[in-house]
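Just so it is clear, none of the values below were taken in a lab; they were calculated from the coordinates. All values derive from a computational prediction rather than experimental measurement.
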Amino acid sequence: MARRLPRGQETRERILAEALRLFATRGYAAVSIEDIAEAAGVTKGAVYHWFTDKHDVGRELQHELYERLTAQSLRALDRDADTIANMRGAFAAYLEALGDLDEARFFLRDAWVIPALDEGGRADHEAAVEMVRGILAAAIERGEIVALDPDALARVLLGMWAEATLHVLRTGDRSAASAVVEHVLHSLRPPTNRSRRTRAATSRGARP
C-alpha cells in the first residue's frame, strides 16, 4: 500500500496536478494563479505558500517531468551492453515514456519556448550534459566510440535528443525520430566495430 502524503504535501501535489491539467488544456499563457487555486480547491494564499508565482509552478512541473523521463531512460540501461546500444535503448525508453504522459506532452511542447521556464530547464540540461559527457569519455577510452571531444559530443547529442523530442511532441511520429537517432548513434562506432555490428545484424536477419 502506498504511503499517504502529509496533508500539506498532498495540497502541493494537487496544485501541481491541476496546474498541469490547465496548462495542457488552455495553454500556459492563459492560466493564472487564481485559475490554479480554484481548480485545486485551495486559496491563492495556499498556492503562494508553496510557489512564488505561476512560473515557479511551471518550473517545478518541468523539473519533475524531466526527472521522470530520465529515470525511465536509465532503467533501460543494460550493464552487459556497450554504450551505443545503451544510448539507443535509453532513447527508445524515453520516447515510450513520453508517449504515456498524456497531458504532460502538451505542457512540454509549450515549455520549450517559454523564456520564464528556461532557467530551470537549463539547470537540468547542464546536469544531463555532465552525466552524458562522463559516459562518452569512458566509452571513447574503451574504444567503443570514435575519438571526439566528449563535451562537444555530449552537447550535440543532447541537442539532437531535444529536437527529436520536440518533433515527436509536435507530430506524434516516433518512428522518424528514432530512425534518425539510430543512424547518428551507429555512425559513432569506430569503423571496424561498425562493420562487425552490421555483419552480425545481417547474419541474424538471414537465419530461418
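Principal axis extents of the C-alpha atoms in the range 74-161 (largest first, rounded to whole Å): 40, 25, 16. Any chance you could list P(r) for the chain, counting all Cα-Cα pairs in 5 angstrom bins from zero, rounded to whole %? Here the calculated profile for the chain is 1, 7, 13, 16, 16, 13, 11, 8, 6, 4, 3, 1, 1, 0. Here the Gaussian network model covers the chain, with springs between Cα atoms less than 10 Å apart; of Ala128, Ala104, Ala93, Ala128 fluctuates the most. If the viscosity is 1.002 mPa s and the temperature 20 °C, what Stokes-Einstein diffusion coefficient in µm²/s follows for the range 6-92 when Rh is the Kirkwood radius over Cα pairs? Answer, rounded: 146 µm²/s. Rg and Dmax of the range 97-141, based on Cα coordinates, read 14.3, 42 Å. Of all complete DSSP H helices in the chain, those with a Cα span along the helix axis of 18 Å or greater and a mean Kyte-Doolittle hydropathy of 0.0 or more are 83-99, 150-171, 174-187. Computed across the range 57-104, the Kirkwood hydrodynamic radius from all distinct Cα-Cα pairs reaches 11.4 Å.
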